[in-house]
1. With respect to G268, is the statement that it is of a type outside the set (A, V, I, L, M), surrounded by fewer than 24 Cβ atoms within 10 Å (Cβ to Cβ) and closer than 15 Å to K383 by Cβ true?
2. In segment 523-555, how many are within 19 Å of K652 (Cα to Cα) and surrounded by 19 or more Cβ atoms within 10 Å (Cβ to Cβ)?
3. Looking at the structure I just gave you, is I691 under 26 Å from D135 (Cβ atoms), among the aliphatic types (A, V, I, L, M), within 16 Å of ligand 3 (Cβ to nearest atom) and under 27 Å from the mean Cα position of the chain (by Cα)?
4. Answer yes or no as to whether T155 is part of a strand (DSSP E or B) and not small (G, A, S).
5. Checking F682 against (1) away from ligand 3 (no atom under 16 Å from the Cβ); (2) in contact (Cβ under 8 Å) with a residue 60 or more places away in the chain; (3) assigned to a loop (DSSP other than H, G, I, E, B), only one condition comes out false. Which one?
6. Could you list all residues from segment 669-696 that are more than 16 Å from ligand 4 (Cβ to nearest atom) and more than 27 Å from G749 (Cβ to Cβ)?
7. Output the strands (runs of 3 or more DSSP E) that fall wholly within segment 171-269 and possess 3 or more residues being of a type in the set (G, A, S), or say none.
8. Give the residue, chosen from A324, A332, A355, that is surrounded by 15 or more Cβ atoms within 10 Å (Cβ to Cβ), under 25 Å from the mean Cα position of the chain (by Cα) and more than 28 Å from V423 (Cα to Cα).
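The values are calculated or read from the model by the stated rules, or taken from the named source; none is laboratory data. On a predicted model such as this, the values are computed, not experimentally measured, just so you know. Cβ coordinates were reconstructed from backbone atoms using ideal geometry, including for glycine residues, and neighbour counts include every protein chain displayed.
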Amino acid sequence: MSTSQPLGMPSIDPDEVGHNSSANPSFDEVVAARMNRRRLLGFGVASGGAALITACGGGGSNGVFVPTVGASPAPAPAPAPAPGAAPAPAPLSLSFNPVAKSLEDRVVLPAGYTATVMYRLGDPISTDVAAYANDGNDDPSTYDRRAGDHHDGMTFFGMGATGAWAPTAADRGLLVMNHEAITPAFLHPAGQTTTGSGTAQVRTVPGEVQREFYLHGVSVIEVGKTGSTWGYKRGSSFNRRVHTLTEMRLSGPAAKSDAVKTRYSTDGSKTRGTVNNCANGTTPWGTYLTCEENWAGYFRRVTATDNAARTAKELVSLNRYGVAGNGRELWATVTPDTSDNLYGRWNAQVTGASAADDFRNGPNTYGWVVEIDPFNPLSTPRKRTALGRFGHEGACLGPVVAGRPLVWYMGDDSRNEYIYKFVSTRAWDPADVGGGLAAGDKYMDDGRLYVAKFAADGTGTWLELKLGVNNITAANTTYAFADAADVVINARLAADAAGATRMDRPEWTAVNPVTGEVYVTLTNTNASSRPITATDAANPRFYNDPKGTAQTAQLGNPNGHVLRFSETNGDAASTTFKWDVYLFGARSTASADINLSQLGADNDFSSPDGLWFSQARPGLLWLQTDDGAYTDVTNCMMLAALPGKVGDGGAKTITNIAADGSTRQQGTIVGKAPGTATLRRFLVGPKECEITGIAESGDGRAIFVNIQHPGEDTAVANITDPSKFSSHWPDGGASRPRSATIVITRNDGGFIGT
Ligand code: FEO
Ligand code: CA
Ligand code: CA
Ligand code: CA
């Protein structure tokens with residue numbers, strides 16, 4: 001008999017995993033590496049960073065947009081200034097009063113700003129689906145036409161009257177966003193229905209699993225303004241959900257290799273679905289990149305039975321990526337399976353005679369950057385395997401210069417993982433704007449994959465991940481690399497072999513359009529994963545951040561930091577760089593060796609994650625938090641920043657303090673302390689949410705921000721008692737909380753933040 005019971009999973013951040021067992025030493029224990037100096041021949045970053053892409057006309061809203069809901073009362077907005085003026089050049093200044101930290105169950109904004117809730121979990125995107133009841137009883141078969149859960153990374157593609165990409169369009173566009181994961185407690189009548197326990201625990205209601213299949217993935221929605229109010233257009237022909245059942249083509253070096261052959265695709269040319277889509281990226285030709293982060297945990301692989309059927313190399317790979325366990329949502333356990341293996345494809349165990357008979361290679365078809373063409377709703381997304389397989393947080397496009405390679409920067413978010421970049425073989429040709437996935441085939445399937453190594457003197461090196469170099473050979477004793485497909489599929493093992501620098505969980509990357517400098521959030525780490533003896537210059541802090549009235553110890557780097565680097569000669573394809581630490585998260589009350597950025601009450605934060613530079617206001621950086629360390633004092637937040645440059649601070653020696661009170665000195669390089677002039681808290685979210693994902697309208701006068709999983713710590717046992725929900729945001733009353741996209745505008749119609 002089925003019983004209604006929780007899955008028995010503690011409420012943990014699935015990011016909180018680490019599988020790097022490599023012996024890569026911290027770099028200050030290593031003799032300074034030889035610098036791979038490459039002589040560059042006269043070229044530079046185009047003025048302003050990005051090459052100018054000529055846009056079509058602005059294009060007016062041509063349809064009726066779904067009225068927005070849940071808006072905080074807004075004064076009648078003043079007429080917006082006429083769009084079309086060129087963005088003002090730097091220097092910018094922050095023009096709002098910072099908001100205080102908050103534990104309230106609402107979105108807090110500075111005076112003069114209005115937030116409107118636009119696109120919530122379950123909202124219909126087609127006209128043949130009913131409004132979301134949000135009581136756990138909505139028809140599972142409708143969820144492929146509803147907003148997914150856990151809204152995350154997001155891009156606004158301005159659209160002109162012809163339906164083509166128009167980057168500066170101010171009042172109409174396609175908003176494309178990731179739906180990273182789910183809060184199962186609120187999706188069904190009383191959480192996930194299961195029976196049994198341990199490896200025998202199984203899901204017993206297929207409809208619940210069907211909902212969850214559809215709630216992951218990506219939304220493409222047409223958005224626009226009715227008057228001055230933004231909404232999405234239900235029934236637009238552009239609206240699309242990409243989810244775990246959407247067919248994907250494998251592209252690049254791993255495509256059609258033996259390691260990606262499955263029962264679904266016996267020639268290894270395709271796979272089904274995308275999952276745990278975290279941060280995002282863009283291309284200069286107008287497509288969207290969605291990044292598969294904590295995909296490994298979705299697969300079921302009971303090691304006690306599967307390990308004996310695996311080769312030694314397979315086991316090294318499976319262990320390095322953490323493919324083990326019952327499967328976090330138990331999707332593989334539904335019986336009977338369908339004829340097309342909807343459930344069984346999440347079972348990564350060896351069950352058949354060959355890879356063509358089962359899904360032992362299913363995990364090798366996940367962990368990629370996936371390209372989607374939002375302007376072509378019928379197109380088949382491509383998994384771009386040349387960019388490597390790992391826990392992809394995001395993929396930020398570097399400065400775009402005609403005649404030069406294209407570059408994407410990427411974090412691998414797990415403890416002690418690495419920072420990567422991909423450099424295209426082909427040089428950028430602006431004639432490819434609008435080229436869709438064919439342009440992706442040209443630039444993203446062939447190139448060089450690198451991983452970062454940071455030296456204590458403030459320099460760094462990009463190490464290429466290619467068969468035959470940097471110990472990535474068949475003679476490697478940890479993993480004998482066979483070919484190019486093997487290297488990209490096992491990019492983490494290749495990076496281990498090359499000697500990359502282990503980091504405190506690399507999350508988003510962002511490129512400053514003014515300087516071309518690259519910023520990376522390192523969200524946090526703990527003492528067991530990175531003890532005090534393993535600090536290095538780029539991951540320099542170890543301390544205690546006592547939490548709450550009980551002063552519970554949080555040891556390690558619980559508040560995280562933001563690192564940045566400047567490529568040699570401003571060339572994104574360079575193999576060397578200089579770096580410093582732009583910001584350190586901390587409580588404003590922490591000691592000087594912890595609060596190294598001298599944060600105050602108006603700008604202190606913890607666990608930086610989302611990170612994005614405005615395109616309309618070059619030089620303006622948005623910083624978002626995904627925190628559990630400072631949440632005794634404040635909910636997660638978003639800050640606006642006007643950062644300087646690498647080297648605007650200087651060398652510093654930190655005194656770290658171990659749990660037993662002993663100290664250890666660590667050198668690092670810190671950026672100039674920001675002060676409130678250049679770093680201010682702009683927004684605080686509702687209870688138990690993460691703030692993640694940001695995009696702006698083509699004129700920069702509206703920003704879209706995602707509020708992910710409000711009330712996520714609500715116990716499943718309390719799902720029948722709304723008085724015990726941690727949050728009722730955004731609908732209020734006794735409602736179940738919902739992830740949602742909000743639109744923020746300034747009441748006087750001005751730019752946001754500056
Ligand atoms: Fe999905 Fe690392 O955040
Ligand atoms: Ca994130
Ligand atoms: Ca995070
Ligand atoms: Ca989250």
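1. Numbers: of a type outside the set (A, V, I, L, M): yes; surrounded by fewer than 24 Cβ atoms within 10 Å (Cβ to Cβ): yes; closer than 15 Å to K383 by Cβ: yes.
Criteria met by G268.
2. Looking only at that region, the number is 10.
3. Considered against the rule, which asks whether it is under 26 Å from D135 (Cβ atoms), among the aliphatic types (A, V, I, L, M), within 16 Å of ligand 3 (Cβ to nearest atom) and under 27 Å from the mean Cα position of the chain (by Cα), I691 comes out as no.
4. The answer is yes for T155.
5. Here F682 clears every test but (3).
6. Correct list: I669, V670, G671, K672, A673, P674, G675.
7. 217-226
8. A324
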